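These notes concern the structure reproduced below.
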Amino acid sequence: MARSSFMEEALGVGGITEGKKIVWGVLTEEVGEKVPEDIASKLREEAAQNLTNIDEEERDRRDRAGSVIYAITAVFALYLSIFVDQGDFAGHLMRFSVFPFFSLGYGYKQSAKEGL
């Protein structure tokens, strides 16, 4: 399957090159040894059939990351509600700052669930 030169360049900017894999959703690491072409072809076929592009190990990492982010978000929300929000408009805006963290945790959990 031919890759477009645009994607090769775009992925290369992010550090994703031949012989590397994505871990924790954003980082890369070297792949230990190259998978033989017949096994790689079988894995690509399975991934296309299941509509996934990450393996079980990465799905587990993303699920753990989502759980940790949820826990941190809950503690942050509790802190904001008890100590920061005084019932005024600024306090409501401060509580809204929980949303990006919740969204990040939700994204990791959904990525783990869907395999994307």
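The values are calculated or read from the model by the stated rules, or taken from the named source; none is laboratory data. Every value quoted in this text rests on a predicted model; they were computed, and no experiment measured them. Cβ: placed from backbone, ideal geometry, glycine included. Neighbour counts: every protein chain shown. SASA here: full protein model, heavy atoms, side chains in, ligands and nucleic acids out. Shrake-Rupley method; radii C 1.70, N 1.55, O 1.52, S 1.80 Å.
Observations
- When segment 79-107 is filtered for residues that are of a type in the set (Phe, Trp, Tyr), without any contact (Cβ under 8 Å) to a residue 40 or more places away in the chain and under 29 Å from ARG59 (Cβ atoms), the ones remaining, listed by number, are PHE99, PHE101, PHE102.
- Listing of helices (runs of 4 or more DSSP H) fully contained in segment 23-116 that carry 2 or more residues being modelled with pLDDT of 95 or more: 56-79, 98-114
- Within segment 1-15, the set of residues being surrounded by fewer than 10 Cβ atoms within 10 Å (Cβ to Cβ) and at pLDDT 70 or above comprises PHE6, GLU9, VAL13.
- Top-ranked residue in segment 22-58 [being of a type in the set (D, E, K, R) and either under 16 Å from GLU114 (Cα atoms) or in contact with a helix residue (DSSP H, G or I) (Cβ under 8 Å, 6 or more places away or on another chain) (or both); ranked as least open to solvent (accessible area, probe 1.4 Å)]: GLU58
- Among (1) touching a residue at least 12 places away in the same chain (Cβ under 8 Å); (2) part of a loop (DSSP other than H, G, I, E, B); (3) open to solvent by 80 Å² or more (accessible area, probe 1.4 Å), the one test that GLU18 misses: (1)
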